[in-house]
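The values are calculated or read from the model by the stated rules, or taken from the named source; none is laboratory data. Here the structure is a predicted model, which is why all the values come from computation and not from measurement. Cβ sites come from the backbone with ideal geometry, for glycine too, and all protein chains shown count toward neighbours. Heavy atoms of the whole protein, side chains included, go into the accessibility calculation; ligands, DNA and RNA do not. Shrake-Rupley method; radii C 1.70, N 1.55, O 1.52, S 1.80 Å.
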Amino acid sequence: MSNQVILVDDQGLKKVMVHYAASKIVRNAPGVVFAAKLTDTSITAYKSGKVLFQGGGAEREAARWGKIEGTKASAKETTKGDVLPDHLAKLSVVGSDETGTGDFFGPVTVAACFVRADQVELVRELGVKDSKQLTDDLMRKIAPDLQATLIYSVLTLKNDKYNEVQARGWSQGKIKALLHNQALKHVLRKMEDEKPDYILIDQFAERGIYYNHIQSESEIVRENVLFSTKAEGLHLAVAAASIIARVAFLEEMDRLSQIAGVELPKGAGAKVDEVAARILLKSGEESLKSLTKWHFANARKAKAIAARKRK
Ligand code: MN
């Protein structure tokens, strides 16, 4: 059974009550100001402004209120995804995150890593915090310590392989989901008999879509899996995974830069088009392709720039 919570103000509460008026039921429980029952969802509104949705239709009903004035999608207004357990940050968690998906040059990397409750402080002392606050150089310094201390798995999907599966019709969502599932599987296997309290995936797709992508896998990690956006700020296991994934990305970028004979820029901006055009003129299309995510618009733009320069 799925649980969803939204927060409403007085105005939002009135809208909720009007909307479900036809399905209203009486529930004499402490703090309850309104209750309703649909065929697949129970709705309970509390004095505190929390509205709880329970049952098979909980996600659908809660989502209805996500963008309506006077309501918030969840108790944590900055994140999207599952309602998270209290004190999650202090529990034993396997976290996973990816990087490189928005960069024309370089691989997609995904890392998963296990931080046991009694390692949380140590990991913080190693310098791990929300990876959005760390520079690449700092992450390069921290990653080796993390890899020496924690159970982790990191996967680098190189460009040739990426381009091959992309051409076969795999979306980035599918690619990411498969890599996350695989990295999580590896970590759980290395943990042997130990079990995490939760697995926390930095959310890039709704749960149903994620599991759709990996449905034909022989082993699917499902137990105690939570999805949330901005998960690197919710548990250090995701922050650590994010750092390990980032450094794997940077290392592959170093290797590709050696091959290209030029420092490959990150991202997908105008600088990227310029450098790509230069590589195209110097080494040809196949060489450029093997350094890039070829389906990005940057490939077309680079070809146009190169064509102009040839004249
Ligand atoms: Mn992420």
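A few notes on this one:
- Subset of the stretch 121-134 [hydrophobic (A, V, I, L, M, F, W, C), open to solvent by 10 Å² or more (accessible area, probe 1.4 Å) and away from the ligand (no atom under 16 Å from the Cβ)]: Leu122, Leu126
- Subset tally (residues that are surrounded by 16 or more Cβ atoms within 10 Å (Cβ to Cβ), of a type in the set (Asp, Glu) and free of Cβ contacts under 8 Å to residues at least 60 places away in the same chain) for the stretch 252-298: 1
- Among residues of the stretch 88-112 that are open to solvent by 10 Å² or more (accessible area, probe 1.4 Å), those with a Cβ under 8 angstrom from a residue that is among the basic types (Lys, Arg), sequence gap 6+ or separate chain, pair up as Ser92/Arg116; Glu98/Lys176; Thr99/Arg246; Thr101/Lys176; Asp103/Lys266; Asp103/Lys293.
Quick grid of which residues meet (1) in contact with a helix residue (DSSP H, G or I) (Cβ under 9 Å, 6 or more places away or on another chain); (2) within 15 Å of the ligand (Cβ to nearest atom); (3) of a type in the set (Asp, Glu); (4) at pLDDT 95 or above:
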| site | (1), (2), (3), (4) |
| --- | --- |
| Ala148 | no, no, no, yes |
| Ile175 | yes, yes, no, yes |
| Lys190 | no, no, no, yes |
| Pro196 | yes, no, no, yes |
| Glu217 | yes, no, yes, yes |
| Val221 | yes, no, no, yes |
| Ala248 | yes, yes, no, yes |
| Gln258 | no, no, no, yes |
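- Scope the stretch 186-202; condition under 17 Å from Val238 (Cβ atoms) and either touching a Cys at 6+ places or on another chain (Cβ under 6 Å) or open to solvent by 30 Å² or more (accessible area, probe 1.4 Å) (or both); matching residues: His186, Leu188, Asp197, Tyr198
- Applying a threshold of 6 Å to beta carbon distances and a minimum spacing of six or more residues, or different chains, the list of pairs starting in the stretch 206-232 at a residue that is closer than 19 Å to Gly95 by Cα and touching a residue at least 60 places away in the same chain (Cβ under 8 Å) and ending at one that is among the acidic types (Asp, Glu) and surrounded by fewer than 20 Cβ atoms within 10 Å (Cβ to Cβ) reads Glu232/Asp130.
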